[in-house]
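What follows is one structure encoded as structure tokens, with my remarks underneath.
The values are calculated or read from the model by the stated rules, or taken from the named source; none is laboratory data. Treat the numbers as computed from the prediction; the structure is a model and nothing was measured. Note: ideal-geometry Cβ built from the backbone for every residue, glycine included; neighbour counts use all protein chains shown.
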């Protein structure tokens, strides 16, 4: 079969519909590019990365890149002194941050204190605690939102992690971090809520999501029990994705999201909303 004939068979309309399989084939042997049907070039062009794409990873996203923290560099001096200070400011440890969404809770509660976990929610928290314990890691701290459902979830998890310090933090409360894109019709907070919640949740991100301090010598494993909106925003910010996309991510109750922050400032998402350790009949998203 000729080269052109093979390409014609591979390219064309599926069942006469507007679904098109567009193919372009280039080989050293034929040195030939098959021309696309009219209207398809734009489709393929849109799928190709732009040669003028200037996107890059900002290694100083947490304002802890060693050279930026050098006081001698800020003064404009150069030389051995500056190099020593930069070297001393280099982190060497990796931070592992486990973001836990609270378990299922009473949606009909009139106030936060009434929105406690349901019986199923307590089961979910037990399963999450068992899962974290089974990883065999040395957890350094368990921070939780001050809201009732997150506090109760953290308390149950802590029974499986004896000796791990628990700390409550108001910054981790649920809220509206930033107006989502695309917008949704079923949830439209007032602009003032984005303004107030967004500043608080961003402050929480800056407090908890960053590379290790240079004084930290060992890798750390930290647990943060909070809320879906907070976790989704944290993930987008940490990966340097547009934060407006946070609402496109879904998280089950009691799920585990695992972020790793390397000394270099690189961030990896090792798990997003993992709830595979729960039996299917225990999985919810409320």
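General observations
- Residue within the range 149-157 that is more than 16 Å from residue 104 (Cβ to Cβ), surrounded by 14 or more Cβ atoms within 10 Å (Cβ to Cβ) and out of contact with any helix residue (DSSP H, G or I) (no Cβ under 6 Å at 6 or more places or on another chain) present: no
- Residue in the range 141-150 that is assigned to a loop (DSSP other than H, G, I, E, B), modelled with pLDDT under 95 and within 20 Å of residue 247 (Cβ to Cβ) present: no
- Only one entry of 223, 209 meets the criterion of being at pLDDT 95 or above, crowded, with 22+ Cβ neighbours inside 10 Å and either in contact with a strand residue (DSSP E or B) (Cβ under 8 Å, 6 or more places away or on another chain) or closer than 23 Å to residue 173 by Cβ (or both), and that entry is 223.
- Total residues in the range 232-284 satisfying the condition of being surrounded by fewer than 19 Cβ atoms within 10 Å (Cβ to Cβ), in contact with a strand residue (DSSP E or B) (Cβ under 9 Å, 6 or more places away or on another chain) and closer than 25 Å to residue 152 by Cβ: the figure is 7.
- For the range 158-184, the candidate set comprises residues that are within 19 Å of residue 129 (Cα to Cα) and in contact with a strand residue (DSSP E or B) (Cβ under 7 Å, 6 or more places away or on another chain); within that set, the residue that is surrounded by the most Cβ atoms within 10 Å (Cβ to Cβ) is 158.
- Looking across the range 237-251, the residues that are on the phi < 0 side of the Ramachandran plot and assigned to a loop (DSSP other than H, G, I, E, B) come down to 239, 241, 242, 249, 250, 251.
- Total residues in the range 185-205, condition touching a residue at least 24 places away in the same chain (Cβ under 8 Å), surrounded by 13 or more Cβ atoms within 10 Å (Cβ to Cβ) and out of contact with any strand residue (DSSP E or B) (no Cβ under 9 Å at 6 or more places or on another chain): 4
- Taking the criterion of being in a helix (DSSP H, G or I) and at pLDDT 95 or above, the residues of the range 170-191 that qualify are 170, 171, 172.
- Yes/no for residue 254 being touching a residue at least 12 places away in the same chain (Cβ under 8 Å) and at positive phi: yes
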